[in-house]
Amino acid sequence: MRDNELHYFEEILLTRKAQIIKNINGVEIEMSQLRELELNDEGDYASVSNDNMVENAIGAQQAKELQEIEDALSKIKTKQYGICEMCEDDIGFQRLKVKPHAKYCIVCRPIVEKNKG
């Protein structure tokens, strides 16, 4: 991958990283505020509990994406970015535009996902 392409994806990844960090920090503040509320009935408790579960799920997904972004940024530094971790072929430019932190090419991705599930 050429240097200008690496720079292009690095900028996208850094922007997404900043957004995720902002989101995670916002969720933490919101969860702290929810914990401080005085809950008056079971409906209030159920609502806060449900919000907590949803926020935790979103936070876990964003933490996972953040780690994948960190891995991709590290690969950019070592010029290993855009190489499939399974077959070691190049990951297509269009795939990286859709998912810049992709670890697998379009052929290997379904194989990896099938083996995980």
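The values are calculated or read from the model by the stated rules, or taken from the named source; none is laboratory data. Keep in mind that this is a model prediction, so the values were computed, not measured. Cβ: placed from backbone, ideal geometry, glycine included. Neighbour counts: every protein chain shown.
Side notes on the structure shown:
- Residue list for segment 43-53, filter: at pLDDT below 75 and within 27 Å of the chain's Cα centre (by Cα): Ser47, Val48, Ser49, Asn50, Asp51, Asn52
- Every residue from segment 55-100 that is of a type outside the set (D, E, K, R) and in a loop (DSSP other than H, G, I, E, B): Thr78, Gln80, Tyr81, Gly82, Cys84, Met86, Cys87, Ile91, Gly92, Pro100
- Of all residues making up segment 16-42, the number that are touching a Gly at 6+ places or on another chain (Cβ under 9 Å) and modelled with pLDDT of 95 or more: 0
- Here the condition is being surrounded by 14 or more Cβ atoms within 10 Å (Cβ to Cβ), touching a Lys or Arg at 6+ places or on another chain (Cβ under 8 Å) and modelled with pLDDT of 80 or more; of Leu66, Leu96, Leu13, it holds for Leu66 alone.
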